[in-house]
Amino acid sequence: MKVTLKDYRNDVKPDWCAGCGDYSVLAGIQRAVVNLGIAPENVVISAGIGCSGKISGYTKAYGVQGLHGRSLPVAQGIKLANQDLTVFAMGGDGDGYAIGIGHAVHAMKRNVNMTYVVMDNQLYALTKGQMSPKSDEGLITTTTVDGVMEKPLSAMKIALSCEVTFLAQAFTGDIKQLMNIFEEAIQHEGFSLVNVFSPCKTYNYKNTPEWYKENLTKIEDIEGYDNTNKLEAFRILEEYNDLVTGIIYKNDKKPKYETILKNYDIEKPLAHQDLTFNQEMFNSLCDEFR
Ligand SMILES: Cc1ncc(C[n+]2csc(CCOP(=O)(O)OP(=O)(O)O)c2C)c(N)n1
Ligand code: SF4
């Protein structure tokens, strides 16, 4: 049966503020899975804690909202348990690049086949507007009353250093690009990081939709850019201060973790939605890690 947007809608009304960028992330991800013909019973969202993390409750699919900064270990475990699932980890820049950064670097290095969406509003919103590692220098927040003293963390350059195999940035003001990037990320055979600039209307008075429109450059407008060249990706990120959108880097040669994990049978699920459990594979994986 054909999958439609209706299949992904539930009756929970988002309590995001009017004008929050996160609405577009929700729309973009739902349209991407529908365009790819993926049914909701095959989708899992492991969400972080934050305004952003509420997204798992606003989508009719499997969802987990666990601990702040811990969406990635849960997501990787789910994917390894069942390769039939399309797995997302989704959360804020605080969730992913502050408390969760330790998990993020290892997930990128490991390369499990899943998609990590960071909804980047450049601060902590749910807890009422504190600085995050992505906050711009000078931004006044409740924890930086004289303005942030440091420059924002380059999560993009960290990702490249961790040998991430799909790296993209998008902006909620361009839903078509956002949706296309999600589709590419989902289809990539390995770990994809999509950092989405998703403005917080309530606490971030600087990085507004208008600010992003003025300051972002589309990677396809950079003449001759080759997104398979890692050095070129570093250079562009340095030159544009990370303020680029599009697919920044793609590597199809690094094997995904599933194919190198010993005693792991990619064809047979460890645990399935039908509640079957592969005890034999579980035992041999335990032997491998003992
Ligand atoms: C271990 C732990 N520390 C702190 C918190 C409090 N807390 C909840 S959400 C959050 C930050 C949210 O910021 P971000 O991840 O950027 O998401 P946003 O709300 O901006 O979407 C913090 C610090 C928590 N829930 N758990
Ligand atoms: S506080 Fe900011 S991030 Fe949270 S729902 Fe409102 S606009 Fe969105």
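The values are calculated or read from the model by the stated rules, or taken from the named source; none is laboratory data. Given the structure is predicted, the values throughout are model-derived calculations rather than measurements. Cβ atoms come from the backbone with ideal geometry, glycine included; neighbour counts cover every protein chain shown. For accessibility, only protein heavy atoms count, side chains too; no ligands or nucleic acids. Shrake-Rupley method; radii C 1.70, N 1.55, O 1.52, S 1.80 Å.
Things to note:
- When Trp16 is tested against (1) open to solvent by 30 Å² or more (accessible area, probe 1.4 Å); (2) within 14 Å of ligand 1 (Cβ to nearest atom); (3) over 20 Å from Val74 (Cβ atoms), just one condition goes unmet, and that condition is (1).
- Checking each residue in the range 189-217 for being more than 14 Å from ligand 2 (Cβ to nearest atom), out of contact with any strand residue (DSSP E or B) (no Cβ under 6 Å at 6 or more places or on another chain) and over 20 Å from Tyr116 (Cα atoms) picks out Glu210, Trp211, Lys213, Glu214, Asn215.
- Among all residues of the range 47-65, there is none that is aromatic (Phe, Trp, Tyr), in contact with a helix residue (DSSP H, G or I) (Cβ under 8 Å, 6 or more places away or on another chain) and closer than 21 Å to Phe166 by Cβ.
- Enumerated strands (runs of 3 or more DSSP E) restricted to the range 44-137, each holding at least 2 residues that are modelled with pLDDT of 95 or more and within 11 Å of ligand 1 (Cβ to nearest atom): 86-92, 114-120
- Gly37 vs. criteria out of contact with any Leu (no Cβ under 6 Å at 6 or more places or on another chain) and within 16 Å of ligand 1 (Cβ to nearest atom): no
- Taken together, the criteria exclude Asp120 from residues that are closer than 28 Å to Leu216 by Cβ, surrounded by fewer than 21 Cβ atoms within 10 Å (Cβ to Cβ), in contact (Cβ under 8 Å) with a residue 60 or more places away in the chain and not basic (Lys, Arg).
- Filtered residues of the range 174-194 (kept if of a type in the set (S, T, N, Q) and more than 12 Å from the chain's Cα centre (by Cα)): Gln177, Asn180, Gln187
- Scanning the range 218-245 for residues that are β-branched (Val, Ile, Thr) and either within 16 Å of ligand 2 (Cβ to nearest atom) or touching a residue at least 60 places away in the same chain (Cβ under 8 Å) (or both) returns Val244, Thr245.
- Condition check for Thr144: modelled with pLDDT of 95 or more, over 30 Å from Phe277 (Cα atoms), more than 16 Å from ligand 2 (Cβ to nearest atom) and not small (Gly, Ala, Ser): yes
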